[in-house]
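I have placed the structure first, in the form of structure tokens, so that the comments after it can refer back to it.
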Amino acid sequence: MAIVSPFRGIHFDLSRVPDLSQVVSPPYDVISPEEQTGLHRRHPRNIVWIDFGLEKEGDGPTVDKYTRAADYFRQWQSEGTLVRDTVPSLYYYEQEFSLPGRGVFVRKGFLGALRLSDFGEGKVFRHEKTHSRPKEDRLSLMRATEANMSPIFGLYSDPRD
């Protein structure tokens, strides 16, 4: 059985950012270059500044989108835009979306810490083939920020639903 545990999440402080629609973004891997630019313009604290930063002319081994992401992450925490919960929690969320011609849907889920297990143990199954470049990108971001900006989306069977 997979082991899921509460963790101390970091999130936007609603007293500083009352309209979350201005600072949230889709997952980095579905954002077009035009959307990426638009999200950067939408709000100076949109999470895309950390999760999917823009490459700039002059980027090199010591300064790049990952080091900038780490700087923004630290700055937003120090100024109180992002806050860490004091108590470990599981985080419930809902995503509302529409599909043309099919209507509006609500997907419900939660965020938690998943204990890693050896591949093949049968506790967690991968659902897609991942490519090296996105894995390297996410690993570089995790190393720079010392945080996971891209939680893994998982599905589980609930016979009651």
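Each reported figure results from applying straightforward, stated rules to the coordinates on display, with no laboratory input. The shown structure was predicted, so the numbers you read here are calculated from the model rather than taken from an experiment. Using ideal geometry, Cβ is built from the backbone for each residue, glycine included, and neighbour counts are taken over all protein chains shown.
Using only Cα atoms and rounding to the nearest 10 degrees, what angle (0 to 90) does helix 33-42 make with the longest principal axis of the chain?
70 degrees
Expressed as a whole percent, how much of the Cα-Cα distance distribution for the chain exceeds 24 Å?
44 percent
Net charge around Lys65, counting only other residues with Cβ within less than 11 Å of its Cβ (Lys, Arg = +1; Asp, Glu = -1)?
Overall, the nearby charge balance is -4.
So what's the net charge close to Arg115: Lys and Arg +1, Asp and Glu -1, counting the other residues with Cβ under 13 Å from its Cβ?
Numbers: positive: Lys123; negative: Asp118, Glu121.
It works out to a net charge of -1.
What area, in nm² and to one decimal, does the C-alpha convex hull of region 1-90 cast on average over all directions?
Seen from a random direction, the Cα hull of region 1-90 projects 8.1 nm² on average.
Pick out, in residue order, every one of the trypsin sites (Lys or Arg not before Pro) in region 23-121 that is DSSP loop and has at most 14 other C-beta atoms within 10 Å; say none if there are none.
Sites meeting the loop and neighbour criteria: Lys56, Arg102, Arg115.
Treating only the Cβ atoms of Lys and Arg (+1) and Asp and Glu (-1) as charged, compute the dipole magnitude of region 38-109 about its Cα centre; round to the nearest 20 debye.
Details: 11 positive and 10 negative charges, 54 e Å.
The calculated dipole for region 38-109 is roughly 260 debye.
Which far-off residues, 5 or more places away or on another chain, put their amide H under 5 Å from the one on Ala113, with H placed in the peptide plane?
Ser5, Phe7
Helix 132-145 against the longest principal axis of the chain: what's the angle in degrees, Cα atoms only, rounded to the nearest 10?
70 degrees
Taking 25 Å as R0, compute the FRET efficiency from the Cβ-Cβ separation of Ser21 and Gln77 and round it to 0.05.
E(calc), rounded to 0.05, equals 0.70.
With charges set only on the Cβ (+1 for Lys and Arg, -1 for Asp and Glu), what does the dipole of region 4-145 come to about its Cα centre, in debye to the nearest 20?
320 debye
Which longest uninterrupted range of the chain lacks any GluC sites (Glu not before Pro) assigned by DSSP to a loop state (not H, G, I, E or B) and surrounded by at most 10 other Cβ atoms within 10 Å?
Counting only loop sites that pass the neighbour cut-off, the longest clear stretch is 58-120.
Roughly what would the spin-label model give for Val87 and Glu121, points 7 Å off Cα along C-beta, in nm?
Using points 7 Å along Cα→Cβ, the separation is 2.9 nm.
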